[in-house]
Amino acid sequence: MRNIIIFTATAALLAAAATAHAGSLGRPCTAAPQTSWLPLEQLQAKVEALGYKVQKAKLKNACGELYTIDKSGSRVELFVDPTSGQIVGQL
């Protein structure tokens, strides 16, 4: 019984931490005007040069959102500054 309680509490804390992290990415990645953003293809190329395999990419809320597979085969959602291609967050 005690193990179940500990497991449940740990799972709840991990879920809360993941939700807090995801919520912080709701802000824009840049305040620069859209005319200074790189094309989505260039953002994708920059991320691929870092070793990620991009499955889907889009621009949303002044942020590049790239759904990728990392070097270890794990799915990773990257948030990229559209003016530089710099990764500013991930889930």
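Overview of values
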{"item": "Among residues of region 51-87, those that are in contact with a strand residue (DSSP E or B) (Cβ under 6 Å, 6 or more places away or on another chain) and in contact (Cβ under 8 Å) with a residue 40 or more places away in the chain, counted", "result": "5"}
{"item": "Selection from region 43-76 of residues that are assigned to a strand (DSSP E or B), closer than 18 Å to residue 30 by Cα and out of contact with any helix residue (DSSP H, G or I) (no Cβ under 9 Å at 6 or more places or on another chain)", "result": "60, 63, 65"}
{"item": "Residue match in region 53-61 (condition: modelled with pLDDT of 95 or more and open to solvent by less than 60 Å² (accessible area, probe 1.4 Å))", "result": "yes"}
{"item": "Number of the condition not met by residue 48 [criteria: (1) open to solvent by 50 Å² or more (accessible area, probe 1.4 Å); (2) in contact with a strand residue (DSSP E or B) (Cβ under 7 Å, 6 or more places away or on another chain); (3) modelled with pLDDT under 95]", "result": "(3)"}
{"item": "Positions within region 62-91 being surrounded by 16 or more Cβ atoms within 10 Å (Cβ to Cβ) and among the charged types (D, E, K, R), in sequence order", "result": "65, 81"}
{"item": "Residue in region 25-43 that is least open to solvent (accessible area, probe 1.4 Å), counting only those that are farther than 17 Å from residue 89 by Cβ and out of contact with any Ser or Thr (no Cβ under 9 Å at 6 or more places or on another chain)", "result": "40"}
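The values are calculated or read from the model by the stated rules, or taken from the named source; none is laboratory data. This structure is a prediction, so every number in the text was calculated from the model and none was measured. Don't worry about glycine lacking a Cβ; one is built from the backbone with ideal geometry, like all the others, and counts go over all protein chains shown. All accessible areas refer to the heavy atoms of the entire protein, side chains included, with ligands and DNA or RNA removed. Shrake-Rupley method; radii C 1.70, N 1.55, O 1.52, S 1.80 Å.
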